[in-house]
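The values are calculated or read from the model by the stated rules, or taken from the named source; none is laboratory data. Keep in mind that what you see is a predicted model, and the values were worked out from it rather than measured. Note that we place each Cβ from the backbone using ideal geometry, even for glycine, and neighbour counts take in every protein chain shown.
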Amino acid sequence: MSVIERIQAYHTDLTELRRDIHAHPETAFEEVRTSDLVAGWLESLGIEFHRGLGKTGVVGTLKAGNGNRAIGLRADMDALPIHENNSFAHRSQHEGKMHACGHDGHTTMLLGAAKYLSETKDFNGTIYFIFQPAEETEGGADAMIKDGLFEMFPMESVFGMHNLPGIPVGRFGVRPGPIMAAYDQFEIVIKAIGTHAALPHKGIDPIVIGAEIVSAVQSIVSRSIDPFEKAVMSVTQFHAGDAYNVIPETAVIRGTARSFRTEVQDIIEERLSALARGIAASHGATATVDYKRLYPATVNSEEEAILAGDVAASIVGEDHVDRDAMPVMGSEDFSFMLRKKPGCYLFIGNGDGEGSCMIHNPGYDFNDAILPLGASYWVRLAETLLPV
């Protein structure tokens, strides 16, 4: 594994930085301390930076040579509203907030790359280091774009990276085309007639109706979507009633849908609305459906995906790069950037050993062993895209 020696030499510094960020998690658009830390690090390196895009976003600008080409390297900064179960010294100091997705590591790897590149400047052109807030469901990437990211910092391509537990350390996964799914949310509100629980025939029960709808939702993917397409629908909330002896008037069902193509999203939205309204009407009740398309699918452009795979292979060897990685049904708001610019999003292995757990788990922790590897990838990618 060909990690850059200079970056390996300050592995301890990167680990301390990553654990400091982990101990002080901040959720969407509240990343004030984290952005202060990022800005301070960039300033210490002599890298020009701009703050305020997407409220708490930071963009560093590093130029070398006289080339007019420019690229963007992006890391996310936000944490999740999760109670951490870990007991190590750098566990979250903010109860109810946790870096359970590894954004602390993503930020640190990009800062590590910025340090090396600011020292060597072995490239010709401009690198924009994009530190993005609010990736988790709030669309910080879209907010930065709307605030003028690509107008203020014109770049020809943009790249992202995410750790993934289950992939061994020293391995990468990438693919051209869709690599992460679109993220849609739905809410179904059933309006019925409340009554005494002992007299159900005097009302219309929204819980019975809701139960039928939940079951019917499972048929959308299995019976309305082409089996060769990928889609997942999950009901995650069912709220109704407050008393043991009252059949309520209202029930609320919420959930998510994941898919890779707009045409599939269209089918899911149409069938969900039709099923909910039809089932409710058959009982003499009504149902309204609020369907929101939050994140589009994350789709890598072919040329950039091939190049990213080549760069990863130059560091860990071709046998350790999966160039046809399985798409993930989770979602990523880096998709908004890839809608505007060509680029690539790839996975770096976070480890598959005993005790490792998936992201969004209260026992998760980013693997500090991969900090120099991720930083080395960013450096080699920048040097490859902007050769001297």
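Remarks
- Hits in the stretch 165-192 (condition: under 30 Å from residue 278 (Cβ atoms), surrounded by 19 or more Cβ atoms within 10 Å (Cβ to Cβ) and charged (D, E, K, R)): 184
- Listed conditions (1) on the phi > 0 side of the Ramachandran plot; (2) modelled with pLDDT under 95 are all met by residue 317, apart from (2).
- Residue match in the stretch 253-261 (condition: part of a strand (DSSP E or B) and either more than 28 Å from the chain's Cα centre (by Cα) or assigned by TED's automatic domain parsing to the domain that holds residue 352 (or both)): no
- For the criterion of being in the same structural domain as residue 357 (by TED's automatic domain parsing), farther than 30 Å from residue 98 by Cα and modelled with pLDDT of 95 or more, residue 176 passes.
- Here residue 269 fulfils each of the conditions (1) in a strand (DSSP E or B); (2) touching a residue at least 40 places away in the same chain (Cβ under 8 Å) apart from (1).
- Inside the stretch 301-328, residues that are crowded, with 17+ Cβ neighbours inside 10 Å and either free of Cβ contacts under 8 Å to residues at least 12 places away in the same chain or aliphatic (A, V, I, L, M) (or both) make up a count of 10.
- The set of residues in the stretch 81-133 being aliphatic (A, V, I, L, M) and closer than 27 Å to residue 380 by Cα consists of 109, 110, 111, 113, 114, 117, 127, 130.
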